[in-house]
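Student: After the structure tokens below, expect a handful of questions from me.
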Amino acid sequence: MADQIPPDGRNNRAGGPRGRRGARPSAKPGKKRPHTGKSRFGKASPKPSKGAGGRPLPPGPFALPTAAPRAPQVAVRPAVTPESPPALRQAYAAIDLGTNNCRLLIARPCDDGFVVIDAFSRVVRLGEGLAQSGRLSPAAMDRAVGALRICADKLRKRNVHLARSVATEACRQAENGAEFIARVRAETGIALDIISAEEEARLAVLGCHILLEDGPGPAVIFDIGGGSTELVLIEPDKAARRGIVAGPPRILDWQSVPWGVVSLSETVGEEGTDPIDRIARYARMKALVHDSFRPFAERLAPHRASDLRLLGTSGTVTTLASLHLDLPQYDRRAVDGLIVPAEAMRMISARLSAMGPEERRQLSCIGHERADLVVAGCAILETILDIWPAARLGVADRGIREGILRSLMTTDLAGARNASAFGRKIP
């Protein structure tokens, strides 16, 4: 199929230490909001930046000029009637157990996608200490099982018809990953599939590609996780250029490296108290990621054009987008589908890397859970911008879970006989 990873025989898994992944909850798909007009990001302004309605933004390191305008979101209502096929009245679920987060999405099909009826997200830090020990710790496993019990309860309460639950980098790398999967099955009834990096990349693209800016030629979609980062070179469905609803893009090339916000932070070590030490630590992070992506960067070079398109799905890009908008708290509706000047994201990354953890904890949309990890995400993001220097960055608060749901619904609604390969019926 068009959205499958091409079987080119190339080893796209770069070497490095063990690690994991993470993100945040999503809602139903919305329309993408393209960049329109120029922005003054990155330039000093003698006057205070203006917020909505022309009011000055409060002073602070992230009171930057307003983002590119966005088209209003259109709510999609499910077209379900008593005469609808049974599958259209069913609930489907996707669980993504990453290195840092456990996330659940429950949805029903609608005309051009699905509508979310329940969601759950919790930071569990399953991969905490994995880079040093090679094993999932008892405390980390307890946290993850506790979150999955809540997910299992929601599956029952929502009468879920078909579900797929996946685990990513932490379970791929851990010596006791299989043991943990067995424990989850015994204690919660949830059967986790440890998916490959290839499948992880495919699902992320399937879940968020609709938000990619329109334009000719290949584009890059990336997913910064807790323990790994996936970069995917895609060619959008040509039908989309003719105004037809776009299908999944064709994946031209991809690579996964075992650097995520948790694995990179733990490998480089704790940050110092001196700003110079913190800047040096940030430079080491960027160098490690750059070395891992070097082979893929060389393969990307022939595809670079004058107007590069880039879309990111991760907690890092949504957090930085929130700071860019100077939001008092995270708002998915304001962030999902936003187009941000790349230079603005670089500026924010540089400022965060020089701050101490306590300073970052005081910033809205970061808080205690992300304060010690966001710098690693900034280093990965800046490295991606180095190897694919797009002028703008698309932001997606959607990814693997949405990709799973689309796969489940497409397969089930089409009456495919191999539905069990994509999910499990809930008894």
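Student: In segment 89-113, what residues are at pLDDT below 90 and either crowded, with 17+ Cβ neighbours inside 10 Å or in contact with a His (Cβ under 8 Å, 6 or more places away or on another chain) (or both)?
Tutor: 90, 110, 113
Student: Do you know which of the residues in segment 348-389 that are touching a Lys or Arg at 6+ places or on another chain (Cβ under 9 Å) and not in a helix (DSSP H, G or I) is nearest to residue 299 (Cα to Cα)?
Tutor: My answer is 388.
Student: Going by what's in this entry, would residue 396 be described as among the aliphatic types (A, V, I, L, M) and modelled with pLDDT under 95?
Tutor: no
Student: A further question on this structure: Being surrounded by 20 or more Cβ atoms within 10 Å (Cβ to Cβ), in a helix (DSSP H, G or I) and of a type outside the set (Gly, Ala, Ser) narrows it down to one residue among 202, 164; which is it?
Tutor: One residue alone meets the criteria, 202.
Student: What helices (runs of 4 or more DSSP H), lying completely within segment 247-339, carry at least 3 residues that are touching a residue at least 24 places away in the same chain (Cβ under 8 Å) and more than 17 Å from residue 211 (Cα to Cα)?
Tutor: 261-268, 275-300, 315-325
The values are calculated or read from the model by the stated rules, or taken from the named source; none is laboratory data. Note that the structure is predicted; figures quoted are calculated from it, not measured. Backbone-built Cβ (ideal geometry, glycine too); neighbour counts: all protein chains shown.
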